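To start, the structure itself, in structure tokens.
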Amino acid sequence: MKGAYLDNSATTPPHPEVLDLMSRVQEQFFGNPSAIHYKGIEAKRIITAARRQVANVLGVREQEIIFTSGGTEANNLAICGAARRNRKRGDHLVTTAFEHHSTINCFRYLEKEGFRASYLPVDASGMIDLEMLQHEIGPATTLVSIIHVNNEIGTILPLTAIGRIIKTKNPRTLFHVDAVQSFARLTLDPEGWQADLISCSSHKIHGPKGAGCLWVKRGTPLDPLLHGGGQEAGLRSGTENTAALAGFGLAARISGSAQGKKETAFVTLKRTFLKRLEESGIDFSVNGPEPEKAAPHIINLAFPGIKAEMLLHALEEKQVYVSAGSACHSRHPEPSHVLKAIGLKDDLLTGSLRFSFSILNDLDEITLAAKETTDAVEYLRSLFK
Ligand SMILES: Cc1ncc(COP(=O)(O)O)c(C=O)c1O
């Protein structure tokens with residue numbers, strides 16, 4: 001592809017080996033994995049292998065991986081499932097103000113069911129106040145749900161410290177982590193975080209859409225969202241999508257291997273991109289954490305006086321693809337709740353773009369994207385002088 005695809009936090013291109021495996025599985029291993037004849041058993045084996053691959057990348061037991069249709073379903077299962085199952089113990093839930101909509105909207109829905117929810121504010125870098133978190137947790141708090149890497153600005157939350165606070169204050173409070181943006185990209189530490197539930201998604205790591213998982217630590221009390229044949233340890237009924245799960249497993253293995261090497265590659269891409277933009281002399285600023293402290297594959301930039309959507313479409317003409325606001329909400333006209341939560345002023349709220357990288361990007365694409373961004377910014381500014 002000419003140009004540069006830099007919207008990898010929205011979704012990634014599927015890896016060629018993943019596509020090849022999926023088409024073979026679709027064709028040959030079509031049996032219902034619950035069937036007891038050979039066709040079922042061989043499909044079940046494919047799913048077991050995928051479960052092992054995902055569990056290995058997470059560093060957990062494979063029986064604890066519950067396959068879902070993606071990150072949204074994993075977050076819903078974790079949050080609604082934990083809240084409802086533990087209602088007799090308490091009705092209070094805690095999260096942050098800048099979670100993905102699949103978390104925030106679960107919390108809002110649960111409020112309608114009578115739960116009490118606390119949304120912790122974040123500072124300009126997307127950090128929560130740990131003392132405030134400690135203060136919020138009480139005997140009735142059954143769940144704390146916190147994102148690992150924020151999908152819009154790349155803040156990495158200090159989950160070890162957060163887990164320690166939660167479990168010290170109330171050992172029975174469950175800790176759910178939305179790791180959709182970090183799984184198989186950064187190192188995850190379920191044990192060190194003292195997490196009980198972790199959400200992951202396949203299409204963010206060069207796997208197919210419609211696949212993901214929730215890691216459920218053994219013994220974690222959870223209600224299912226779907227009731228049926230009792231697949232996935234009774235937590236996610238429905239005939240499994242064997243090909244998608246096989247693709248997810250392989251994508252996890254490919255993306256999860258050489259993790260350290262990959263992080264360094266992301267850092268180089270981000271540094272080069274920023275250096276080229278700085279050299280160009282255009283006016284811009286970084287939203288959220290300092291670039292070196294954020295997740296290496298995400299950078300969110302504000303271009304004062306420019307409408308993000310106009311810039312996005314100008315870049316699109318040059319086949320440079322980026323995002324204005326959260327992926328799932330880029331068609332909604334309202335400004336991003338994440339950028340609002342970190343306190344961006346109106347002008348910057350509507351003038352910010354996210355650039356996100358993957359292992360398939362190279363330095364030529366980055367240099368091209370920086371040049372096209374510079375040209376487009378200069379052109380748009382000349383129009384409104
Ligand atoms: C942090 C985060 N959580 C959850 C999701 C939802 O994942 P999925 O698209 O697999 O439903 C996304 C997708 O953008 C995300 O970035």
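Residues in region 373-383 that are of a type in the set (S, T, N, Q) and at pLDDT below 95: Ser382 only. Quick check: anything in region 89-96 more than 16 Å from the ligand (Cβ to nearest atom) and within 20 Å of the chain's Cα centre (by Cα)? Yes. Comparison of Glu232, Glu240, Glu317 shows that the only residue that is free of Cβ contacts under 8 Å to residues at least 12 places away in the same chain and farther than 30 Å from Ala341 by Cα is Glu317. Quick check on region 171-182. Is at least one of its residues outside any loop (DSSP other than H, G, I, E, B), more than 23 Å from Tyr119 (Cα to Cα), within 11 Å of the ligand (Cβ to nearest atom) and among the hydrophobic types (A, V, I, L, M, F, W, C)? Scanning region 171-182, I find no residue that is outside any loop (DSSP other than H, G, I, E, B), more than 23 Å from Tyr119 (Cα to Cα), within 11 Å of the ligand (Cβ to nearest atom) and among the hydrophobic types (A, V, I, L, M, F, W, C), so the answer is no. Just one residue in the set Val60, Val122 is aliphatic (A, V, I, L, M), more than 16 Å from the ligand (Cβ to nearest atom) and within 26 Å of Lys169 (Cβ to Cβ); that residue is Val60.
Yes or no: Ile153 buried (at least 18 other Cβ atoms within 10 Å of the Cβ) and not in a loop (DSSP other than H, G, I, E, B)? Criteria not met by Ile153. Kindly evaluate Leu77 against the criterion of being under 21 Å from the mean Cα position of the chain (by Cα) and away from the ligand (no atom under 16 Å from the Cβ). So Leu77 fails the test.
Yes/no per residue for (1) modelled with pLDDT under 95; (2) away from the ligand (no atom under 16 Å from the Cβ); (3) assigned to a helix (DSSP H, G or I):
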site	(1), (2), (3)
Arg331	yes, no, no
Pro335	yes, yes, no
Phe355	no, no, no
Ile359	yes, yes, no
Glu365	no, yes, yes
Lys371	no, yes, yes
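Is it the case that some residue within region 128-138 is part of a strand (DSSP E or B), at negative phi and under 19 Å from the mean Cα position of the chain (by Cα)? Yes, that holds for at least one residue.
Could you tell me whether Ser125 is free of Cβ contacts under 8 Å to residues at least 40 places away in the same chain and small (Gly, Ala, Ser)? Spelling it out, it is not the case that Ser125 is free of Cβ contacts under 8 Å to residues at least 40 places away in the same chain and small (Gly, Ala, Ser).
Please tell me if Val18 is touching a helix residue (DSSP H, G or I) at 6+ places or on another chain (Cβ under 8 Å), assigned to a helix (DSSP H, G or I) and surrounded by 19 or more Cβ atoms within 10 Å (Cβ to Cβ). So Val18 passes the test.
The values are calculated or read from the model by the stated rules, or taken from the named source; none is laboratory data. Not measured: the values here are computed from a predicted model. Neighbour counts run over all protein chains shown; Cβ positions are idealised from the backbone, glycine included.
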